[in-house]
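Visitor: A single structure is presented below for examination.
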Amino acid sequence: MMQYFSLFIFKQLIISLLTSEIDRIYCRITFVCCLAGEMMLPLHQRKENKCRIVKNEMIMKTLNVTGLNNSVKVVNALAQLLADFQVHYTNLRNLHWNVKGHGFFILHEKYESLYDDAAEKIDEIAERMLQLDATPEHRFSKYLQVAQVKELDVVECGHAGMSYVLDTLKLFIAEERQLLQFAAENNDEVTVAMMSDYLKAQEKLAWMLTAFSYKKEDAC
């Protein structure tokens, strides 16, 4: 009886060892086949596959840490705001360079502070999109296709420049209020706080520029 039992144990051990070895060989063959298949792809596609894997890992880590769901409305509104600020930034450089007249020194300096502020907001908006698992657009040609702010021709008149800035502020304030609402619906406190800060500064700026631009007669 003991002999049969020992023989049975011996057979099971042999089967187990063979099964393990077959599994190892299968894994090696599968790995080699996958590697060979990957190597047969064009170089740019191999790089895209690696980038996609890295990106997916980063997305999972971000979502796991923040506990915040991606809101399509918030991301789309941020993308629109980014496009408008990019065109606005370029327009402000135009105003800064080309302004002429008695208000040159004041306006030249003011336009510079405005485009510095716009540049900072552009970076903040783009980084917020990345935090929400979105890729910010970087191509200016794409901005021009969707931006509500339009490119300016050369503007020399200070009064015309101030009118443009006030009109653009009106647009931004409306966009940011809508974005704040979307963010609040998504429990996105960070975007809510960011838009609140923008609105606070812009409403004060609108008051100050309106007072600065007031004239009994239109003149540069």
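What follows draws every value from the coordinates through simple rules; no lab data is involved. Keep in mind that this is a model prediction, so the values were computed, not measured. Virtual Cβ from ideal backbone geometry, glycine too; neighbours counted across all protein chains shown.
Visitor: Checking Thr135 against (1) part of a helix (DSSP H, G or I); (2) free of Cβ contacts under 8 Å to residues at least 12 places away in the same chain; (3) touching a helix residue (DSSP H, G or I) at 6+ places or on another chain (Cβ under 9 Å); (4) not aromatic (Phe, Trp, Tyr), only one condition comes out false. Which one?
Guide: Single failed check for Thr135: (1).
Visitor: Within region 138-153, does at least one residue satisfy the condition of being surrounded by fewer than 18 Cβ atoms within 10 Å (Cβ to Cβ) and under 25 Å from Thr66 (Cβ atoms)?
Guide: Checking region 138-153: at least one residue is surrounded by fewer than 18 Cβ atoms within 10 Å (Cβ to Cβ) and under 25 Å from Thr66 (Cβ atoms).
Visitor: Restrict the check to region 72-92 and report whether at least one residue is farther than 23 Å from Ala201 by Cβ and surrounded by fewer than 13 Cβ atoms within 10 Å (Cβ to Cβ).
Guide: Looking through region 72-92, at least one residue is farther than 23 Å from Ala201 by Cβ and surrounded by fewer than 13 Cβ atoms within 10 Å (Cβ to Cβ).
Visitor: Shifting gears a bit: (1) under 17 Å from Ala206 (Cβ atoms); (2) assigned to a helix (DSSP H, G or I); (3) in contact (Cβ under 8 Å) with a residue 40 or more places away in the chain: which one isn't true of Ala174, the others all being true?
Guide: (3)
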